[in-house]
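A.B. asks: Supplied in structure tokens, the structure appears directly below.
The values are calculated or read from the model by the stated rules, or taken from the named source; none is laboratory data. This one's a predicted model, so the numbers in the text were calculated from it and none came from an experiment. Cβ placement follows ideal geometry from the backbone for every residue including glycine, while neighbour counts extend to all protein chains displayed. In case anyone asks, the SASA skips ligands and DNA or RNA and just uses the protein heavy atoms, side chains included. Shrake-Rupley method; radii C 1.70, N 1.55, O 1.52, S 1.80 Å.
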Amino acid sequence: DLRFGYPAGGLRDAWATELKALLEADAAIAQAVVDISWRIHSHKVQGELTPIPGVKNVLAVASGKGGVGKSTTTANVALALAAEGAKVGILDADIYGPSIPRMMGLSGRPDIEGEAILPKVSHGVQTMSIGYLIEEDTPMVWRGPMVTQALQQLLNETRWDDLDYLVIDLPPGTGDIQLTLSQRVPVSGALIVTTPQDIALLDARKGLKMFEKVGVPVLGIVENMSTHVCSNCGHEEPIFGTGGGEQMAADYGVDLLGQIPLDIQIRMQADGGIPTVAAAPESNLAEAYLSVARQAAARLSRQARSKKLQFPNIKILDT
Ligand code: ADP
């Protein structure tokens, strides 16, 4: 019996077969039965913050710069965790450019039940976004404190249903809003998305330091748009340079969780409301996201566990 601290649905059968063969190679073992399962625990969050009801772990996806593929990575990593067997949600906190509704093929207002907002579900993933509450072409003319308040409300008043992971798509940058969120939202681990380009890496480094300062473990770096393979002739060209993510990971002693190529399928599938992991689950591109998701979840499973128990509110009434 093997029990992992992260979902491993995609690898379970292959591991079980391999282990069974290895065990049975021993003459003393006539027949081996291998059972692989997982249990996802709640991991420690910053300081005195308490976990959100209905959510075991919050994973923050951040980038220094906009347009590096943070939302695309959030959507695909969330779908990958779900495909591996976890219960997953996405909170779109990119308040000035909420792109999760479009990427997940969702629109319209969420349902309300009593005081709670019900998440909208797509491809098996629960989602909430400010994009559901405003028109798509309406700019958000809100100042920082209003933004952080609105996001905290979305986070706390959504009725998340028993999530193992809530993946938050943070607004790009390391300004006031990002800092406030990284201090107030109980996060168990962060992923930093960057392209290999120097100008993106400079900002990504600031993002990484911000999480270190507020005591959120950085689970690793995802290098997006690593290389481009021409769909016509197969020629490979590193449009945004090479080795940037690897260098940054080495400089800060964090892991490079994976490298995602620049590929027209990723863009088209996200634009079409069915991100790559859901649209082409057997593809090499989906495998790249699945590997990032497994690496991140496995690293999180090695972090300290949360000691704060999630008790329901108990009221004693004199009736
Ligand atoms: P961010 O959230 O960092 O602003 P997005 O995820 O919105 O970035 O991505 C910006 C644009 O780049 C989108 O049009 C998206 O479809 C595209 N994109 C992101 N990653 C890739 C990739 N690996 N290959 C091709 N297009 C990508």
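A.B. asks: Can you give the % of DSSP beta bridges in the chain that are antiparallel, to the nearest 5?
C.D. replies: In the chain, approximately 20 percent of DSSP beta bridges are antiparallel ones.
A.B. asks: Using a Gaussian network model on the chain with a 10 Å cutoff between Cα atoms, which of 262, 170, 202 fluctuates the most?
C.D. replies: Among 262, 170, 202, the largest mean-square fluctuation in the Gaussian network model of the chain belongs to 202.
A.B. asks: For segment 39-141, what ratio Rg/Rh do Cα atoms give with a Kirkwood hydrodynamic radius?
C.D. replies: Expressed as Rg/Rh, it is 0.96.
A.B. asks: On a 27 Å Cα-Cα criterion, which of the cross-link pairs 56/315; 120/213; 70/213; 65/213; 56/120; 120/206 come out too long?
C.D. replies: Correct reply: 120/213; 120/206.
A.B. asks: On the first, second and third principal axes, largest extent first, how far apart are the outermost C-alpha atoms of segment 171-278 in Å?
C.D. replies: 47, 33, 20
A.B. asks: Turning to a different aspect of this structure: Measuring from centroid to centroid over Cα atoms, what is the spacing of segment 249-272 and segment 127-196 in Å?
C.D. replies: Result: 21 Å between the Cα centres.
A.B. asks: Span-like helices, the chain: DSSP H, alpha-carbon axial extent 15 Å or more, mean Kyte-Doolittle -1.0 or greater, which ones?
C.D. replies: Span-like helices, by this rule, are 12-24, 70-83, 144-157, 198-214, 284-301.
A.B. asks: For the chain, what Kirkwood radius comes out of the mean inverse Cα-Cα distance, in Å?
C.D. replies: Computed over Cα pairs of the chain, the Kirkwood hydrodynamic radius comes out at 20.5 Å.
A.B. asks: Summing Lys, Arg as +1 and Asp, Glu as -1, what charge do residues with Cβ under 12 Å from the Cβ of residue 109 carry, residue 109 excluded?
C.D. replies: -1
A.B. asks: May I ask you to give the solvent-accessible area per residue for segment 109-259, in square angstrom, as obtained with a 1.4 angstrom probe?
C.D. replies: Averaged over the residues of segment 109-259, the accessible area is 48 Å².
A.B. asks: Turning to a different aspect of this structure: Can you tell me which of 106, 257, 133 moves the most in a GNM of the chain? Springs connect C-alpha atoms under 10 Å apart.
C.D. replies: Result for the chain, Cα springs under 10 Å: 133 fluctuates most.
A.B. asks: Under 8 Å for C-alpha pairs, at least 6 residues apart: give me the relative contact order for segment 218-319, rounded to a whole percent.
C.D. replies: Result for segment 218-319 is 26 percent.
A.B. asks: Separate question: Taking the chain as a Gaussian network, where each spring joins two C-alpha atoms under 10 Å apart, which residue of 154, 208, 11 fluctuates the most?
C.D. replies: Taking springs between Cα atoms under 10 Å, the residue moving most is 11.
A.B. asks: Calculate the spin-label point distance for residue 233 paired with residue 271, positioning each point 7 Å from the Cα along the beta-carbon direction, and give it in nanometres.
C.D. replies: The modelled label-to-label distance comes out at 2.4 nm.
A.B. asks: Hey, what number do you get for the chain at 222 nm if only DSSP H runs of n ≥ 4 count, each worth -39500 (n - 2.57), divided across all residues, to the nearest 500?
C.D. replies: One gets -10500 deg cm²/dmol as the mean residue ellipticity at 222 nm.
A.B. asks: Let me ask something additional. I'd like the FRET efficiency for residue 247 and residue 176, computed as 1/(1 + (r/R0)^6) with the beta carbon distance as r and R0 of 35 Å, rounded to 0.05.
C.D. replies: 0.75
A.B. asks: Let me ask you something else. Taking amide H positions as placed in the peptide plane 1.01 Å from N, state which residues far from residue 57 in sequence (5 or more) or on other chains have amide H under 5 Å from it.
C.D. replies: Placed amide hydrogens put 165, 166 under 5 Å from residue 57.
A.B. asks: Once ligands and nucleic acids are excluded and a 1.4 Å probe is used, how much of residue 199 is accessible, expressed in Å² to the nearest 10?
C.D. replies: Counting only protein heavy atoms, the figure is 90 Å².
A.B. asks: When each pair of different Cα atoms in segment 173-220 is counted once in the 1/r mean, what is the Kirkwood radius in angstroms, to one decimal?
C.D. replies: 11.0 Å
A.B. asks: Straight-line reach from residue 87: which aspartates and glutamates fall under 13 Å, measuring Cα to Cα and dropping same-chain residues less than 8 apart?
C.D. replies: Leaving aside aspartates and glutamates fewer than 8 places away in the same chain, those within reach of residue 87 are 161, 162, 164.
A.B. asks: What whole-number volume per residue, in cubic angstrom, does the convex hull of the C-alpha atoms of segment 70-119 give?
C.D. replies: 95 Å³
A.B. asks: List the equivalent ellipsoid semi-axes of segment 111-227 in whole Å, largest first, each obtained as the square root of 5λ for an eigenvalue λ of the Cα gyration tensor.
C.D. replies: One finds semi-axes of 26, 17, 16 Å for segment 111-227.
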